[in-house]
Structure formats: structure tokens, C-alpha cells
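Participant: Take this structure, written in C-alpha cells, and hold onto it; I'll ask about it next.
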Amino acid sequence: MKIGLVGFAGSGKTTVFNSLTGLDAPVGFGGDVRLGRATVPDDRIDRLSEIFSPKKTTYAEMSFADIPGEHGAEKTGLSQRTLQQIRDQEALCLVVRDFPNPALDTDPDPTGDVVAFHTECVLADLDIVERRLERARKEQASAQEIAAFERMKATLEKELPLRAVPEEELDRAALAGYGFLTDKPLLVAINREEEKAGEEIPPDLTDRIEAIKAAGMSLSASVEAEIADLDPEDQRAFLEDLGLADPALSRFIRTAYGLVDLISFFTVGEDEVRAWTIRRGTPARKAAGKIHSDLERGFIRAEVIPFPVFMDHGSEQAVKEAGLLQVEGKDYVVSDADLVCVRFNV
């Protein structure tokens, strides 16, 4: 999963990027997109590794792109370069400032930042939709395509995002090449000062985030950067003092997984215990392709053990003896935390 971190200059976006990836990217740098990766914490993988004692344990990963922030007090007019950098992402995280920044003349206005960013994305998408709709009519494109773009135009003109349009009303596969900004999953991260790190998001901001069909979370990037450098015991104590249950990375990933509807399935053995990330609803054959294309091409069957069943019995052999090993075909929908062994022949 590739998430683009976006935000206006001074929002602390790069500090958020550093706290998530463990990197030390310079703050305030314009230039190109910076890339980083983060391991997805998963106590289920920890427990499986304790049982199998594998040579290697591999957690799922998330990719992050730190997209240079836009400058300017008006917070409008996203550049074409920035728009393209945003379009290249699978999902977006908008970092908004809710802390005093001595380098800026303006007070923090997180709700205003959300509105400004959303408006720019709506206008960018509307420009594409109107131009394509005009061309489609001239070229006498299919009625189905014209209807889809008319539906999108009506949605955007109401200042609603395209992600508000139900799946059954819009063929996303046919529109993938357009990179519509408002159709991407959006997480709004409110970057706050330390004293407010554990506070709830204000109701007016929550309402605004919900109105654009996004998810929201609160964090203090500067504090999270400090937490990341502490030992686990000290981390827990620090988090408790702030009224937080988990560090930002854990909370971010839980929110992002739910936003994009991601799950993990596991492959296990003495050589490796590994987590694989797929979208909820993925059939077994396609999931096998995440492991290797040969497994998808030569798929025969999947031998599946739900994680709770495995933990109840303690071993694959005990699960088999209990008659609980599931032998599934290519259309089986893989569930979160399934242990999967793919049988194939190429």
C-alpha cells in the first residue's frame, strides 16, 4: 500500500513522515518526493514466530511518500506538479496544522486547511471530468461512459468527493487511469502540540472530515518522533502520560487499513513466517499471486487454517487431526489472519 503524505507548508508533514518511517528527512525541503517504508506491527505474527521459530520473520509493510508542501498564505492553487504527485498515490494522508508555528504568520486553522485541500482536489477532478465529458459527447462515446461522467460531474458540482459515489454506481476499474483525487481514500491527520495530543478531535472538524467521506486521527508528530527513540518500556510510560494507548504508527496503520479495507493473511513454516497484505474480499487464487505469480497461474487449491483455530490447537498437525483444516478452491475469499498454504502445479 502506497500512502502519500500531503499538506500545506508548515504543517509538520515531514516530521510525521519521519515518525512513521524512522527516517531523518530534512524538514522544510522542497524538491522531489521522498519515499520511506514502515513495518506493520502485528502481534499475531509475533505469536506465530514464537511457535515456529523461523529463520526469518517478515511483517507486512506500508510505503509512504512525503510530497513537498504547497507554500502561500491562501492555501489554494495546488501546482500541477503537486497534483500529479498526489495522483500517483493509492491513498492520501492530509496533515493539517493544529499547533503554533513561529515560522508562519497565520494561526492554525485545521478546518480551513481541510476545506482548502478538498476544494482544490474537487476543482482538479471537475476539470478532468468536464473535458472528458465534452470530448466523449463529440466522439459519440458509449451511453454508459457518458452517464458515468455525468454522475461524477453532478457529484463534484455539489462539492462532494467521488468516493461518496457507491461502488455499484461507478465502475472504478474503467476510471483507474484518470487518477481522480477525490476518489482516493483520505485520512486527515491533525498534527497538534504535546498538550493536546491525547484530546478528541473537535466536533466541527470531525463533521467536516465526515462530510468529505474521510477518516481522522490526532497526533503530535514532534512527540511521536521522541517516542520512537525510546525503549519499549519508556514508550509505554510516555504514552500513558499523554493519554494515548499506542504510538502514532500503530494507530495510523489501524486507521489506514480500515480506510482502504486491507487485511493480512499469513504463510508459516520453519524457514519463514510472513504476512501478506490484500484487500478484503480477495479470492484465494488472486491472493496466491501476492506470494508469487507461479502460484496464481498454477493454482490447485488452498489449505486454510483460521488464526484462532490454529492458536486453539497449537500446531498444523493438531488442526488436521481435529478435522478442521479447510481445503478451498480458487474462489474462496481469504479472511483476515488466515494461515494459507497454496498447492500449485506449473
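Participant: Part of a helix (DSSP H, G or I), among the aliphatic types (A, V, I, L, M) and either touching a helix residue (DSSP H, G or I) at 6+ places or on another chain (Cβ under 9 Å) or surrounded by 18 or more Cβ atoms within 10 Å (Cβ to Cβ) (or both): is that true of ILE209 in this structure?
Facilitator: Spelling it out, ILE209 is indeed part of a helix (DSSP H, G or I), among the aliphatic types (A, V, I, L, M) and either touching a helix residue (DSSP H, G or I) at 6+ places or on another chain (Cβ under 9 Å) or surrounded by 18 or more Cβ atoms within 10 Å (Cβ to Cβ) (or both).
Participant: So which residues in the range 205-228 are within 18 Å of GLU159 (Cα to Cα) and either not hydrophobic (A, V, I, L, M, F, W, C) or not assigned by TED's automatic domain parsing to the domain that holds GLY22 (or both), if there are any at all?
Facilitator: THR206, ASP207, ARG208, GLU210, LYS213
Participant: Checking the conditions here, which among LEU230, LEU170, LEU205, LEU175 is under 23 Å from LEU23 (Cβ atoms) and not acidic (Asp, Glu)?
Facilitator: Criteria check complete, one pass: LEU230.
Participant: Is it the case, given these coordinates, that SER218 is assigned to a helix (DSSP H, G or I) and either modelled with pLDDT under 80 or within 23 Å of the chain's Cα centre (by Cα) (or both)?
Facilitator: no
Participant: All but one of (1) without any contact (Cβ under 8 Å) to a residue 12 or more places away in the chain; (2) of a type in the set (A, V, I, L, M, F, W, C); (3) crowded, with 20+ Cβ neighbours inside 10 Å hold for LEU186; state the number of the condition that does not hold.
Facilitator: Only one criterion is unmet by LEU186, namely (1).
Participant: Quick one: which residue in ASP331, ASP336 is among the acidic types (Asp, Glu), farther than 18 Å from GLY269 by Cβ and touching a Ser or Thr at 6+ places or on another chain (Cβ under 8 Å)?
Facilitator: ASP336
Participant: Consider the range 328-344. How many of its residues are among the aliphatic types (A, V, I, L, M) and assigned to a loop (DSSP other than H, G, I, E, B)?
Facilitator: So the answer is 2.
Participant: One residue is enough: does the range 303-324 have a residue meeting the conditions in the same structural domain as VAL340 (by TED's automatic domain parsing), within 25 Å of the chain's Cα centre (by Cα) and over 30 Å from VAL188 (Cα atoms)?
Facilitator: Checked the range 303-324: at least one residue is in the same structural domain as VAL340 (by TED's automatic domain parsing), within 25 Å of the chain's Cα centre (by Cα) and over 30 Å from VAL188 (Cα atoms).
Participant: Test GLY10 against the stated conditions and say whether it is surrounded by fewer than 21 Cβ atoms within 10 Å (Cβ to Cβ) and under 17 Å from LEU219 (Cα atoms).
Facilitator: yes
Participant: Oh, and also: Might you let me know whether the range 281-292 holds any residue that is assigned to a helix (DSSP H, G or I), surrounded by fewer than 17 Cβ atoms within 10 Å (Cβ to Cβ) and hydrophobic (A, V, I, L, M, F, W, C)?
Facilitator: There is at least one residue in the range 281-292 that is assigned to a helix (DSSP H, G or I), surrounded by fewer than 17 Cβ atoms within 10 Å (Cβ to Cβ) and hydrophobic (A, V, I, L, M, F, W, C).
Participant: Which residue is modelled with the lowest pLDDT, if the candidates are limited to the range 39-65 and must be surrounded by 15 or more Cβ atoms within 10 Å (Cβ to Cβ) and touching a Ser or Thr at 6+ places or on another chain (Cβ under 7 Å)?
Facilitator: In this case the residue turns out to be PRO41.
Participant: With (1) modelled with pLDDT under 85; (2) loosely packed, with under 14 Cβ neighbours inside 10 Å as the list, and ILE227 as the residue in question, which single condition is left unmet?
Facilitator: (2)
Participant: Would you call VAL122 assigned by TED's automatic domain parsing to the domain that holds LEU175 and either under 23 Å from GLY12 (Cβ atoms) or not in a helix (DSSP H, G or I) (or both)?
Facilitator: no
Participant: Turning to a different aspect of this structure: Take the range 147-163 and flag every residue that is at pLDDT 95 or above and either surrounded by fewer than 17 Cβ atoms within 10 Å (Cβ to Cβ) or not assigned by TED's automatic domain parsing to the domain that holds ILE212 (or both).
Facilitator: Once the filter is applied, which keeps residues that are at pLDDT 95 or above and either surrounded by fewer than 17 Cβ atoms within 10 Å (Cβ to Cβ) or not assigned by TED's automatic domain parsing to the domain that holds ILE212 (or both), the range 147-163 yields GLU150, ARG151, LYS153, ALA154, GLU157, LYS158, GLU159.
Participant: Here's another thing I want to ask about it. Condition (residue is in contact with a Gly (Cβ under 7 Å, 6 or more places away or on another chain) and modelled with pLDDT under 95) applied to the range 249-269: is it met by at least one residue?
Facilitator: Taking every residue of the range 249-269 in turn, none turns out to be in contact with a Gly (Cβ under 7 Å, 6 or more places away or on another chain) and modelled with pLDDT under 95.
Participant: Quick one: in the range 80-105, which of the residues that are under 14 Å from the mean Cα position of the chain (by Cα), of a type in the set (A, V, I, L, M) and in a strand (DSSP E or B) is farthest from LYS196 (Cα to Cα)?
Facilitator: ALA91
Participant: Test ALA237 against the stated conditions and say whether it is part of a helix (DSSP H, G or I) and within 21 Å of the chain's Cα centre (by Cα).
Facilitator: The answer is no for ALA237.
Participant: Tell me whether the range 134-141 contains one or more residues that are touching a helix residue (DSSP H, G or I) at 6+ places or on another chain (Cβ under 6 Å), modelled with pLDDT under 95, in the same structural domain as GLY7 (by TED's automatic domain parsing) and in a loop (DSSP other than H, G, I, E, B).
Facilitator: The answer is no, given that none of the residues of the range 134-141 is touching a helix residue (DSSP H, G or I) at 6+ places or on another chain (Cβ under 6 Å), modelled with pLDDT under 95, in the same structural domain as GLY7 (by TED's automatic domain parsing) and in a loop (DSSP other than H, G, I, E, B).
The values are calculated or read from the model by the stated rules, or taken from the named source; none is laboratory data. Note that this is a predicted model, so its numbers are computed, not measured. When we count neighbours, we look across all protein chains shown, and the Cβ atoms used for this are built from the backbone with ideal geometry, even at glycine.
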